[in-house]
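The values are calculated or read from the model by the stated rules, or taken from the named source; none is laboratory data. This structure is a prediction, so every number in the text was calculated from the model and none was measured. In this analysis, Cβ positions are derived from the backbone assuming ideal geometry, glycine residues included, and neighbour counts consider all displayed protein chains.
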Amino acid sequence: MRQGDFTDLAKNYIHRTGYSLSVLTALFRYARLSPGNTTTADVGAGTGKLTENLIELGFKGYAVEPNDAMREEGVRLLGNDPFFWSKGSGEHTGLPESSIDWVLMGSSFHWTDSQKALQEFHRILKPGGFFAALWNPRDLEPNSFHMEIESWIHEQVPNIQRISSGNSQYTKDLEKQLIEVGHFKNVFFVEAPHIVEMSKERYLGAWKSVNDISAQAGKEKFQEILHYISTKICHMDRISVPYKTRAWIVQAT
């Protein structure tokens, strides 16, 4: 599997968690957006984890996803209303010019050519519209159980790079990336923790959907990792997984 190719992972994305509704609410209130009167684009929507949160908050618009298997799973789970699904990417959304009030990318902006994506978002946004980049990393440090699993994985794949995390080096210069292209201003950052209670099946399914580990470890080693995790949780009824939604929002100039 190539890193960034989610075709074989689409069916397991249902096990992943959504984003903090507190963070999303803080974002749209900061931007003075009204859910019922806002046209929204969830770009790099995957199977619709962020889209589902936006629907819960009363938003409508477009879910844009380049991978056919992920997009088809999203349509199966959520339908085409109030978000219409279409094929496109961060660099080429396929959406009309000046048609969107709020563009979001959930755990996917790091896969784009950021300068081209920001130019595209500026094109499709209405004047003064907003772009938000969100990630939903696990908040592992306070939890020895989850840290033990993560440490074991790093022992098995010593050079593994977990690029998808909002706690990673990628976000270190994110504010600069968002501003230097010249199309956006006024970076606002917000984060909040949230805990998701998972069954054993969902917890293991969430691990099966992790692209960066499966791509770098290889099929055989990835199966060993899944077996190790399965053994660790075999006597547990529920697993509490701590997350921290982190979000950056900017306004189009």
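Do we have any residue at all in segment 124-141 that's surrounded by 14 or more Cβ atoms within 10 Å (Cβ to Cβ), more than 22 Å from the chain's Cα centre (by Cα) and more than 25 Å from PHE222 (Cα to Cα)?
Yes, the conditions are met somewhere in segment 124-141.
Quick one: count up the residues across segment 17-51 that are surrounded by fewer than 19 Cβ atoms within 10 Å (Cβ to Cβ) and out of contact with any strand residue (DSSP E or B) (no Cβ under 7 Å at 6 or more places or on another chain).
So the answer is 8.
Going through segment 194-253 one residue at a time, which ones are outside any helix (DSSP H, G or I), loosely packed, with under 14 Cβ neighbours inside 10 Å and either charged (D, E, K, R) or on the phi < 0 side of the Ramachandran plot (or both)?
ILE195, GLU197, CYS234, HIS235, MET236, ASP237, ARG238, SER240, THR253
What single numbered condition from (1) among the charged types (D, E, K, R); (2) in a helix (DSSP H, G or I); (3) farther than 26 Å from LYS200 by Cα; (4) at pLDDT below 95 fails to hold for ARG29?
It is condition (4) that ARG29 fails.
Identify, please: which residue in segment 116-139 is in a strand (DSSP E or B) and among the charged types (D, E, K, R) and is, among those, nearest to ALA31 (Cα to Cα)?
It comes out as LYS126.
Please work out which residue is surrounded by the fewest Cβ atoms within 10 Å (Cβ to Cβ), limiting yourself to segment 165-193 and to residues that are of a type in the set (Val, Ile, Thr) and part of a strand (DSSP E or B).
VAL187
Matching residues to (1) within 21 Å of the chain's Cα centre (by Cα); (2) closer than 26 Å to GLN251 by Cβ:
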{"site": "GLU180", "(1), (2)": "no, yes"}
{"site": "GLU191", "(1), (2)": "yes, yes"}
{"site": "ILE195", "(1), (2)": "yes, no"}
{"site": "VAL210", "(1), (2)": "yes, no"}
{"site": "ALA217", "(1), (2)": "no, no"}
{"site": "PHE222", "(1), (2)": "no, no"}
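Taking segment 73-115 only, how many residues are in a helix (DSSP H, G or I), in contact with an Asp or Glu (Cβ under 9 Å, 6 or more places away or on another chain) and either within 17 Å of THR51 (Cβ to Cβ) or of a type in the set (Val, Ile, Thr) (or both)?
So the count comes out to 3.
Does LEU118 fit the bill of being in contact with a Leu (Cβ under 9 Å, 6 or more places away or on another chain), under 21 Å from ASP212 (Cα atoms) and either crowded, with 20+ Cβ neighbours inside 10 Å or at pLDDT below 95 (or both)?
Considered against the rule, which asks whether it is in contact with a Leu (Cβ under 9 Å, 6 or more places away or on another chain), under 21 Å from ASP212 (Cα atoms) and either crowded, with 20+ Cβ neighbours inside 10 Å or at pLDDT below 95 (or both), LEU118 comes out as no.
Which of the residues belonging to segment 149-159 are touching a residue at least 60 places away in the same chain (Cβ under 8 Å) and within 26 Å of LYS49 (Cβ to Cβ)?
Listed by number, the residues that qualify are ILE149, ILE153, VAL157.
Suppose the filter is touching a residue at least 24 places away in the same chain (Cβ under 8 Å), among the hydroxyl-bearing types (Ser, Thr, Tyr), more than 17 Å from THR93 (Cα to Cα) and touching a Leu at 6+ places or on another chain (Cβ under 8 Å); does THR40 pass it?
no
Does LYS200 fit the bill of being within 20 Å of HIS235 (Cβ to Cβ) and without any contact (Cβ under 8 Å) to a residue 60 or more places away in the chain?
Yes; evaluated as a whole, the condition is true for this residue.
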